[in-house]
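Asker: Got a structure for you, questions after.
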Amino acid sequence: MISNQRRSLAERIFDILNYAFMALFSFICIYPFYYVFIYSISEPRLAQKGVYLWPGQFNVDAYIKIFSLHTIPHAFLVSVEKTVIFTVLCVYFSSMLAYLFTKHVMPFRKVMYRIVISSMYLNSGLIPWYITMKTYGLRNSFLLYVLPGIINAFYIILIKTYIEQLPASLEESAQIDGAGFMTVFNRIIFPLSKPIVATVAVYASVGCWNSWIDNYLLVENPNLQTIQVILFGYLNEAQSLTQDISAMLANAGSGRQLHLSPETIKMSITVISVLPIILVYPFLQKNFIKGIMLGAVKG
């Protein structure tokens with residue numbers, strides 16, 4: 001009885017320490033994003049003195065003026081469009097190739113699978129990549145954001161492992177009824193792979209949204225600029241941007257005093273860049289956790 005009481009007391013102490021540690025760890029992870037947000041919506045003069053838990057005198061001038069720049073809304077739409085299209089194509093074609101690699105009747109299956117996996121470890125470098133993209137005619141083309149990378153070796157490993165755990169009888173019964181490869185894949189395999197598909201969709205969308213080097217090196221057309229590159233430029237020129245916005249307001253004849261600072265501009269740009277992914281992730285979190293666990297263990 002005493003040993004049970006001691007054990008239960010030790011377990012309670014462990015639970016308390018465990019919860020305290022996880023709460024502290026979560027706070028350390030979340031607080032930098034929270035700090036950036038409250039800084040961006042604070043009065044610049046008060047924010048420079050220090051804001052820690054609450055914004056100092058609510059102020060959204062930075063957001064209003066950043067979105068008033070004519071390049072921001074269009075670039076935001078381009079980024080959303082390229083992310084959605086790339087994610088859909090990447091998930092579908094990576095899933096299809098992963099399904100092919102589970103079929104023993106596929107010619108040279110093992111050789112092709114090893115070639116795909118080797119791409120995870122072998123990288124030609126930036127200059128060959130640039131020459132290849134330019135040779136394919138992808139410079140100043142929207143396809144630059146979509147075509148390269150729709151087949152991803154890491155995603156194929158996850159999806160292939162998940163598909164191999166599905167009961168073979170489901171596919172066999174469909175084939176007996178006369179279903180072909182595409183029918184089996186589209187109506188049976190792909191819908192049953194929803195958890196791992198959600199996992200891959202999170203990876204692909206986050207990677208595509210954060211990608212900027214392709215735009216930076218190969219796109220000069222202003223109509224194809226993504227918000228990542230534009231905000232990157234604004235981030236490096238926050239001081240001059242603050243002066244330009246103030247001049248725009250003065251030229252417009254507004255009597256309203258504008259409260260901005262380079263630091264506020266930087267914080268606002270950071271929030272704009274990160275917020276879309278933060279808003280999307282909670283909707284896929286349940287399937288993401290399930291998919292990454294099932295797809296990482298071979299049955």
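The values are calculated or read from the model by the stated rules, or taken from the named source; none is laboratory data. Computed from a predicted model, the values in this text were never measured in an experiment. Note: ideal-geometry Cβ built from the backbone for every residue, glycine included; neighbour counts use all protein chains shown. The accessibility values were calculated without ligands, DNA or RNA, using every heavy atom of the protein model including side chains. Shrake-Rupley method; radii C 1.70, N 1.55, O 1.52, S 1.80 Å.
Asker: Looking at the structure I just gave you, is Gly149 among the small types (Gly, Ala, Ser), in contact (Cβ under 8 Å) with a residue 24 or more places away in the chain and open to solvent by 30 Å² or more (accessible area, probe 1.4 Å)?
Answerer: yes
Asker: If I ask for residues that are closer than 30 Å to Ile189 by Cα and not charged (D, E, K, R), which ones from region 38-92 would you list?
Answerer: Val80, Thr83, Val84, Ile85, Phe86, Thr87, Val88, Leu89, Cys90, Val91, Tyr92
Asker: Quick one: what pairs do we get from region 53-74, first residue at positive phi, second surrounded by 14 or more Cβ atoms within 10 Å (Cβ to Cβ) and assigned to a helix (DSSP H, G or I), C-beta under 7 Å, 6+ apart or different chains?
Answerer: Gln57/Leu46
Asker: If Leu46 meets every condition in (1) more than 18 Å from Leu275 (Cα to Cα); (2) at pLDDT below 90; (3) open to solvent by less than 60 Å² (accessible area, probe 1.4 Å) apart from one, which number is that one?
Answerer: Here Leu46 clears every test but (3).
Asker: Considering only region 70-118, state which residues are open to solvent by less than 20 Å² (accessible area, probe 1.4 Å) and of a type in the set (A, V, I, L, M).
Answerer: Ile72, Ala75, Val78, Val91, Ala98
Asker: What helices (runs of 4 or more DSSP H), lying completely within region 74-188, carry at least 1 residues that are more than 25 Å from Thr226 (Cβ to Cβ)?
Answerer: Passing ranges, in order: 109-118, 153-163, 168-176, 181-184.
Asker: Return the only residue of Leu241, Leu260, Leu231, Leu166 being over 26 Å from Ala75 (Cα atoms) and either at pLDDT 85 or above or surrounded by 13 or more Cβ atoms within 10 Å (Cβ to Cβ) (or both).
Answerer: Answer to the check: Leu166.
Asker: Here's another thing I want to ask about it. Scan region 100-117 and report the pairs whose first residue is charged (D, E, K, R) and whose second residue is open to solvent by 60 Å² or more (accessible area, probe 1.4 Å) and modelled with pLDDT of 90 or more, with Cβ atoms within less than 6 Å and a gap of 6+ or a chain change.
Answerer: Sorted first by the residue in region 100-117, then by its partner, the list stays empty.
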